[in-house]
Each structure stands twice: as C-alpha cells, then as structure tokens.
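**Student:** Have a look at this one before I ask anything.
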Ligand code: SF4
C-alpha cells in the first residue's frame, strides 16, 4: 500500500520553505501521496526517506522500459484493475513477428508493413511499436544479421529477441547496442545464464513459462538474481487459460501485492489459431485484459487499425475528454469564397462534422473553438461556447484574412445565440446551420458566398 500524506509528512523536515513549489510541507506531502508530485522536489528530505517513499509509492506492476533516447517504450506501471477506478497507464505494445527462417523478401515486407501502417486519429498517431525476432534454428550469426537488418531499416522499432539460447540472444543484443530490447526466452533450465546476460547488457528479460506457477517461480528466481525488469509469459495452453492468466496476474499484483506477478505480460495470440481474424479477436481481448505486449503473426491493415483504435480508446484517461486543437481546418481545398462553419473541439464532434463535410466535397473552412472537450450544447451551457467566446475566437483566429465574405454558419443547436452573436460580430452575417451533422452536405451544397 502507498503511504498517506500524513505518513509522508512525518518524513519531511517541516521547514515550510516553499522550495518544492508548494506553500507548506503538508501540501507537498498530500501531492506526493496522490502521485502528483515527486518527492525529489524537496531538497532537504533524506535519502533514506526518499527511498522509502519511492518504494511505497511504486506501482504494483513495475514499469518496464525498452528502447532508448527519444524512443523509449514503457509498458506496465498499472495501478488499477478497472479503467474507471483511475486510468490505465501504458497501452500494450503491438508487434509483428519475424522468424529467422523467413526469406529476405518476407523479412523486408514485414519491416515495410511495420513502417507503413500508421494512422492519425484525434491528433494521436496510431502505430505498432515492436518487431519480434524469433530464432528458429539456433544460428546466432543468422539471428544477429536479422536484428541488424531491422535496426538499420526501422530504427524506431523496439525489438523482442526470442530464443532459449544465451549465445543467440547475446549476438542479437550486441546488434542493439544501447537500444534496449527484450531478451525473451528465460526458462527454468537457462535461468542462470540468461540472468547473467541480462545483467551484462542491462536489458529486460522475458519469462517463457508453461504455467502460472512456473512463471511465478522463474520470476521469483530472477528477482533473487537481482533482475528488476521482467516481462511474463505464462505459456500457450489455450485461449481461456491465456485470458485467466492475465486476470489472475493483474489481480494478484494489485490486490495482494504478489511480487512475482508485479510485471507486465507478453502474449502471442497466433499461438492459439491459424485464422488471422480470430488471432486479432484474441488480441482485442488482450488489449482490454491485461497484456503488456501483444505479438502478432502478421499485420493486416483492416485488422490492425480497429485494434489500434480499441487500444487508444481504452488507454485514454476517462477523466479527460478527447479533444482536437483549436484552429482553422481547411476541408476539401477551400478558397476565399468557401463557407465558414464553426463547432466545438470535442473530438467526436470534430470527426462527425469533418466527415460529413469531406463527404460532401464542398470546399469549406471549419473553425474549431476550444471548449475543453465539451460538446456543443454542454459547452454552451458551461459558458464555453457562447456568443462572446465565439466572437473572440472568430476575431483572433485569422479567418477574416482567408475569406472575402463575412458569413458564419453556426450549429443549429445554437440558434438561440444568433442575435447576440450578430451584436458581437457586427461585420458578420450569422447563418444557422443544420442541427445534425448529417444535414451539412445538402446545406453546404446550396451555399453561395454572395
Ligand atoms: S521544500 Fe521540503 S521543507 Fe521546504 S516546504 Fe517543501 S517539503 Fe517542506
């Protein structure tokens, strides 16, 4: 359990000097307890207290970091069982499998898919993060050559190096240099030598077990050997067992603080089916509960995109609405005679409205006003999308320099503010648009600037 604010206060020097950025030691202690301030911000707290607080406030599932520099991939770090309790911290990393017995053309094609399949949604880039390289025949040189090729062609890819042979993983790790890969393949048999390798290169290790009990045992032994960064695979027994293992590990770590399961997991949905659609369905379950990494047999854009969107939706903070940036959005190549519409910055509204406008093919300027993610009527009721705020935004956003006319189309639901808005924007004619976005295409097609 984490420490309370009062317990943390007991470890502070109580100078109330404000150097931590808070008015009192008590205020600072409360923020540290809530995970909203770092204990290191107080320059006077002892190292012993710092360690104690850091240990007590560490998440029950360790955050494991892969990659390096600007391209660090964090997995784990979870603190709750259900998203609505707080939020999930790190989305499961998604990767494509490369095997050393694949021919060069196939490996190239997979690297290409890794680089090609990326989308933007609500201002967020959706893309896979990982390439898993699996050793098939124990040939260290061949394995290293595959790793080298991937590192050169896709340097942003985080790698999972898969082999039960230390010399094979060592050869692959050498090609990664400082770029931390996951050394996957620790079993009861090779545990000692794999732990040595992990300490030597400083990379996290992946447990390859046959059951929950075995995963727990290997994890415990690795911790005893001084390994801190561990990723767990409980073995391919069946989809049901796979799902149950994820839930049991998460519950044990969070509810019971069971340390051997206090690490993110790695999963391989292709082990359970030859049907790629079914494989992605299994992956979609693992996104929700509770994989840290999901390795796929291949990337298919029609399956990968919905998986990415599911991941994005589950791993957004439920306390913060999805928003798009305030500004002017040109749709379908507008010019100085094109219509100007305005709406709020709630991401769903943006996508529905922009989708309808794009579908209409009518060149249009779309003004997005920051309403802190509230939808049109809610924003209006909260005073964030009233005549005064809309007028301020229209004046400062620069749309007047982009069009010759002075006509502004407002959402039909805001018909009541027309008069007020005309007073605030005397140079502009305020036109009431349709109430629903679906009415926009026919509305815009009748648009005339003069
Ligand atoms: S810097 Fe430390 S001693 Fe000073 S107010 Fe903050 S917590 Fe208290």
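Read-outs: derived from the displayed coordinates by stated rules, not from any lab. Not measured: the values here are computed from a predicted model.
**Student:** Which percent of Cα pairs goes in each bin when the distances of segment 262-352 are cut into 10 angstrom slices starting at zero?
**Tutor:** Spelled out per bin, shortest first, that is 13, 32, 23, 19, 10, 2, 0.
**Student:** Could you give the angle, 0 to 90 degrees to the nearest 10, between helix 239-255's Cα long axis and the longest principal axis of the Cα atoms of the chain?
**Tutor:** The answer is roughly 90 degrees.
**Student:** Restricting to segment 327-445, what percent of DSSP beta bridges are antiparallel, rounded to 5? Let's see the in-between values first.
**Tutor:** Numbers: 5 of 15 bridges.
Around 35 percent antiparallel, to the nearest 5.
**Student:** A further question on this structure: How many angstrom lie between the Cα centre of segment 1-80 and the Cα centre of segment 319-388?
**Tutor:** Between the Cα centre of segment 1-80 and that of segment 319-388, the gap is 40 Å.
**Student:** Here's something else I'd like to know. Distance from the Cα centre of segment 224-239 to that of segment 93-139, in angstrom?
**Tutor:** Between the Cα centres of segment 224-239 and segment 93-139 lies a distance of 22 Å.
**Student:** Calculate for the chain the 222 nm mean residue ellipticity that helices alone would give, adding -39,500 (n - 2.57) per DSSP H run of length 4 or more and normalising by residue count, nearest 500 deg cm²/dmol.
**Tutor:** -12000 deg cm²/dmol
**Student:** Okay, moving on. Mind checking Rg over Rh on the chain, alpha carbons, Kirkwood formula for Rh?
**Tutor:** 1.07
**Student:** Follow-up question, since we're still on this one. Given segment 63-314, what percent of its DSSP beta bridges are antiparallel, to the nearest 5? Before the final figure, lay out each step's value.
**Tutor:** On the way: 10 of 37 bridges.
About 25 percent, rounded to the nearest 5.
**Student:** Here is a further query. Using only Cα atoms and rounding to the nearest 10 degrees, what angle (0 to 90) does helix 191-201 make with the longest principal axis of the chain?
**Tutor:** Here the helix axis deviates by roughly 60 degrees.
**Student:** Right, here's the next one. Nearest 5 percent is fine: what portion of the DSSP beta bridges confined to the chain is antiparallel?
**Tutor:** About 30 percent, rounded to the nearest 5.
**Student:** Between 0 and 90 degrees, rounded to the nearest ten: what's the tilt of helix 104-116 against the longest Cα principal axis of the chain?
**Tutor:** Here the helix axis deviates by roughly 40 degrees.
**Student:** On to the next question. Output needed for segment 327-445: three equivalent-ellipsoid semi-axes, defined as square roots of 5 times the C-alpha gyration tensor eigenvalues, in descending order, whole Å.
**Tutor:** Result for segment 327-445: semi-axes of 19, 17, 13 Å.
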